[in-house]
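*Asks:* This is the structure, below, for whatever I ask next.
The values are calculated or read from the model by the stated rules, or taken from the named source; none is laboratory data. On a predicted model such as this, the values are computed, not experimentally measured, just so you know. Cβ: placed from backbone, ideal geometry, glycine included. Neighbour counts: every protein chain shown. The area values use the complete protein model at the heavy-atom level, side chains included, leaving out ligands, DNA and RNA. Shrake-Rupley method; radii C 1.70, N 1.55, O 1.52, S 1.80 Å.
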Amino acid sequence: MTPDDRTRRALSLFDELVDLDEATRAPILASLLREDSVLHAEVNALLAADSRDGMLERTMLSLLPASEHDDALPARIGPWRITGVAGRGGMGAVYLGERDDGQFEQRAAIKLIRLGMDTPQLRARFLRERQILAALVHPNIATLLDGGVTDTGAPYFAMERVTGQPLDVFCDGRKATLRERVTFFLQVCAAVQHAHQNLIVHRDLKPANILVGDDARVKLLDFGIAKLLDHDGP
């Protein structure tokens, strides 16, 4: 098994095991240990990281050997000219882009699943996130702008580019008053209520996923592990 194959397999197994309880997970891990101790160690590292406080800020791939292709910056994704990278995650990267098809000017954050990492489970989760965002139109939720498939077959979607700071950083930096903090909290509640009205549960509410811009408007981000209540999947 090549390093890339092992990484894909580790991420796939993590996705299958992460929501299981310890009793159900234990025999699967024991069997994996007998079959491939290196793969077992990688999966165990991902599961351990997921269970520790503060590790939600790290990506799954940050715990695994980096691919030589990780730093490659695509020139274009669909109609978007790529100008930089905002961050990388377990399923791929988020790029900064500007619309470059001659139709109109627009800036976006473009999430692209990494080719080679698109196991059926991760691809389904990625496409579910895109479907969820398409259903949400609210001033306190980042808006879906576009979506499609690249020439190499990797799915992507473009979102409103939100500039701002995490909720806690913004409040502490501005020495926000209690009234201001409650106002931000009510904006978050309005965004969550809108999602719930569309049968969507975010499941990862934390300051890092709630940005506040200079206009003091809250934007809820990252529905990557959100759940559709009328959907049978995880």
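*Asks:* Check off (1) crowded, with 16+ Cβ neighbours inside 10 Å; (2) more than 26 Å from Leu11 (Cβ to Cβ); (3) touching a residue at least 40 places away in the same chain (Cβ under 8 Å); (4) in contact with an Asp or Glu (Cβ under 9 Å, 6 or more places away or on another chain) for Arg161 and give me the number that stays unchecked.
*Replies:* (4)
*Asks:* Now for a separate question. Do you know which residues across the stretch 144-177 are touching a helix residue (DSSP H, G or I) at 6+ places or on another chain (Cβ under 8 Å) and within 20 Å of Ile77 (Cβ to Cβ)?
*Replies:* Leu144, Gly147, Pro155, Phe157, Met159
*Asks:* Now, a different point. If I go through the stretch 186-214 residue by residue, how many of them are assigned to a loop (DSSP other than H, G, I, E, B) and within 17 Å of Thr143 (Cα to Cα)?
*Replies:* Total meeting the criteria: 3.
*Asks:* Now for a separate question. Can you name every residue in the stretch 134-158 that is more than 28 Å from Gln187 (Cβ to Cβ) and open to solvent by 50 Å² or more (accessible area, probe 1.4 Å)?
*Replies:* Residues satisfying the conditions are Val149, Asp151, Thr152.
*Asks:* Still on this structure, I have one more. Within the set of pairs 6+ apart or on separate chains, which have a first residue in the stretch 184-206 that is farther than 18 Å from Val169 by Cβ, a second that is acidic (Asp, Glu) and outside any helix (DSSP H, G or I), and C-beta atoms under 9 Å apart?
*Replies:* As it stands, the answer is Leu199/Asp230; His202/Asp222, since those pairs meet every condition given.
So that you can scan it fast, the table gives a plain yes or no per residue for (1) over 19 Å from Arg128 (Cα atoms); (2) open to solvent by less than 80 Å² (accessible area, probe 1.4 Å); (3) charged (D, E, K, R):
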{"position": "Asp168", "(1), (2), (3)": "yes, yes, yes"}
{"position": "Ala195", "(1), (2), (3)": "no, yes, no"}
{"position": "Arg203", "(1), (2), (3)": "no, no, yes"}
{"position": "Lys206", "(1), (2), (3)": "yes, yes, yes"}
{"position": "Leu211", "(1), (2), (3)": "yes, yes, no"}
{"position": "Asp214", "(1), (2), (3)": "yes, no, yes"}
{"position": "Ala226", "(1), (2), (3)": "no, yes, no"}
{"position": "Leu229", "(1), (2), (3)": "no, no, no"}
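*Asks:* Please state which one of Asp172, Asp222 is in a loop (DSSP other than H, G, I, E, B) and open to solvent by 30 Å² or more (accessible area, probe 1.4 Å).
*Replies:* Asp222 is the lone residue from the list that is in a loop (DSSP other than H, G, I, E, B) and open to solvent by 30 Å² or more (accessible area, probe 1.4 Å).
*Asks:* Follow-up question, since we're still on this one. Quick one: would you say Ile110 is modelled with pLDDT of 75 or more, under 19 Å from Leu221 (Cβ atoms), in contact with a helix residue (DSSP H, G or I) (Cβ under 9 Å, 6 or more places away or on another chain) and not basic (Lys, Arg)?
*Replies:* It is false that Ile110 is modelled with pLDDT of 75 or more, under 19 Å from Leu221 (Cβ atoms), in contact with a helix residue (DSSP H, G or I) (Cβ under 9 Å, 6 or more places away or on another chain) and not basic (Lys, Arg).
*Asks:* Test Gly102 against the criterion of being over 16 Å from the mean Cα position of the chain (by Cα) and crowded, with 16+ Cβ neighbours inside 10 Å, and give yes or no.
*Replies:* no
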